[in-house]
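What follows is one structure encoded as C-alpha cells, with my remarks underneath.
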Amino acid sequence: VRTLHRPLPTTFRLSTASHDASTVAEALADGAALLRGAGALPAAEELRWCSSYQVALSKEALKAAPFGELAQMQRWLAKYAALGVLTRQAIESMVPVALLKVEPHHRVLDLCASPGSKTTQALEALHAHGESAPSGIVVANDVSPLRGQMLSRRCAALGEMCSRLLVTCHAAQKMPPLPLGDPREAGGRYLDGCFDRIICDVPCSGDGTARKNPSVWHRWTQGFATSLHPLQLQIAMRGAALLAPGGLLCYSTCSLNPLENEAVVAELLTRCGGALEIVDSSAALPELRRADGLHTWTVMDDDLTKWSTHADLAASSDVPANVRRRWLPSMWPPPPATAAALKLERCLRLLPHLADMGGFFVVLLRK
C-alpha cells in the first residue's frame, strides 16, 4: 500500500528494430550525461530485458520543471519519441510482447491495441532481426474509431515499419479472421486460426494503475470487475479462435482483481477443453520480479459481503434479482484439484512493491 501511494517512475523503451540502431546510438550518446544523472535528476536504471530505462521521477515532476536537468530530460524524451526510436511505456506493459517473442515471419494481432505502445513494440520486434522486409504483419485493432485514429498517428512515427501494419476497428469479441486470398473473388474463404501471436490486453477496472491514475482510489467499486468479466472472457475466447495451433496468446490486464484475471483464465481453459495450456514462464525474463497466480480467491458483492459459492448468492433473498444476475458461476475459483490441473500458478502477478512498477497481470497461453 505504501508503494501504491508513491508516484510511478518514468520509464521509456528504445527501439529494437535493426534499421533504427544508428539513431538509437545517437540518442544514447546525446542523452548520456542525463542518463548518468545530474543535479536533481537521478541516474537512470537500465533494464536490459526490455531495452528500457527507468528514472525515479514521476512524469508530472518532469513536465513541471521549467529549466535545468529535468527540463533537458523532458526535451530529450520528446525529441527521440518524435523520431520514433523512443517510446514512453510502463515497464509492466512491456511484458506481454516480451513474452511472445515475435519473429519476422509472424502474423501478430493486437486485439485491444489503443493507445498503441504494445503495437509499436510488436512492430519493432518484427523488424529486429536485420530483415529489411519481414514477411509477417501486425494487425492492430480497437473498437473506437477515435482511438483507432490516435493509434495510427502514434504508429506513424515508426515510418517504413508501418508498411507491415494494418489498423482495424472492430469489437474485439467479434474480430473477423484474415482472408485466404482475395475475399472479393467468388468463393473467397477466411481462416480462423490465422495468427501466430496475439496480444489480448483486455479492458479492465484498472485498479493496478493507482500510482499513475490516483483517481482510481476514489472511483473503484467491486462492480467494475463483475461488469467486465463477461466481456473479458468473450474477447479471450475470440482470441483463442483466431490463434493458430502452436501459436501463443498473452492475456493481460492492468488490474489485480482475480475476477478479471485467474477467473477468466480458468473459465477460458475449461471452455477450450484442452485446446489451450498455460506456458511455464518461470525461466522467462529472469530479471523481472513477479508473484505466482492464485488458485483461490474471495468473491464479494457490492456491499463487500463474501459469498462462498454462486449457488448461495443466487438463492439469497437479501440480494435483489437484478443484482444477482451480474454474478456468474465462472467468477468463483475452481475446485482445488481443477486449479492445480490448470496450473494457474503459472500466471504472472506483477506487484508494485516487487519491482517499483504498476500492478499488472499476464499469462502466456499456447494453443
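Go through region 352-367 and count every residue that is open to solvent by 40 Å² or more (accessible area, probe 1.4 Å) and touching a strand residue (DSSP E or B) at 6+ places or on another chain (Cβ under 8 Å). It would help to see each step written out before you state the result.
Residues of region 352-367 open to solvent by 40 Å² or more (accessible area, probe 1.4 Å): 353, 356, 366-367.
Of the ones still in play, those that are also touching a strand residue (DSSP E or B) at 6+ places or on another chain (Cβ under 8 Å) are 356, 366-367.
Here the count works out to 3.
I'm checking my understanding of the structure. Among residues of region 143-161 that are open to solvent by less than 30 Å² (accessible area, probe 1.4 Å) and out of contact with any Leu (no Cβ under 8 Å at 6 or more places or on another chain), which one is farthest from Glu124 (Cα to Cα)?
Ranking the qualifying residues of region 143-161, first place goes to Ser144.
Specify the residue that is nearest to Gly358 (Cα to Cα); the eligible residues are those in region 192-247 that are open to solvent by less than 50 Å² (accessible area, probe 1.4 Å), among the charged types (D, E, K, R) and assigned to a helix (DSSP H, G or I).
Filtering first and then ranking leaves Asp207.
If I filter region 327-351 down to residues being open to solvent by less than 10 Å² (accessible area, probe 1.4 Å) and assigned to a helix (DSSP H, G or I), which single residue comes out as nearest to Leu233 (Cα to Cα)?
Met331
Just one of (1) closer than 25 Å to Pro329 by Cα; (2) of a type in the set (A, V, I, L, M); (3) within 18 Å of the chain's Cα centre (by Cα) trips up Ala266, so point out which.
(3)
List the residue pairs whose Cβ atoms are under 8 Å apart, where the first residue sits in region 313-324 and is modelled with pLDDT of 90 or more, the second is hydroxyl-bearing (Ser, Thr, Tyr) and surrounded by 14 or more Cβ atoms within 10 Å (Cβ to Cβ), and the two are 6 or more positions apart or on different chains.
none
I need the full set of residues from region 288-304 which are open to solvent by less than 70 Å² (accessible area, probe 1.4 Å) and in a loop (DSSP other than H, G, I, E, B), in order please. Can you show your working first?
First, pick out the residues of region 288-304 that are open to solvent by less than 70 Å² (accessible area, probe 1.4 Å): 288, 290-291, 293-295, 297, 299-301.
Residues satisfying the conditions are Leu288, Arg290, Gly293, Leu294, His295, Trp297, Asp301.
Does any residue of region 106-124 turn out to be touching a strand residue (DSSP E or B) at 6+ places or on another chain (Cβ under 7 Å), among the polar types (S, T, N, Q) and part of a loop (DSSP other than H, G, I, E, B)?
No, the conditions are met nowhere in region 106-124.
Tell me which residues, restricted to region 44-85, are crowded, with 16+ Cβ neighbours inside 10 Å, over 15 Å from Gln121 (Cα atoms) and small (Gly, Ala, Ser).
Matches in region 44-85: Ala44, Ala56, Ser58, Ala61, Ala65.
The values are calculated or read from the model by the stated rules, or taken from the named source; none is laboratory data. Values in this document were obtained by computation on a predicted structure and should not be read as measured data. Every residue, glycine among them, receives a Cβ derived from its backbone with ideal geometry; neighbour counts consider all protein chains shown. We work out accessible area using only protein heavy atoms, side chains counted, and drop any ligands, DNA or RNA first. Shrake-Rupley method; radii C 1.70, N 1.55, O 1.52, S 1.80 Å.
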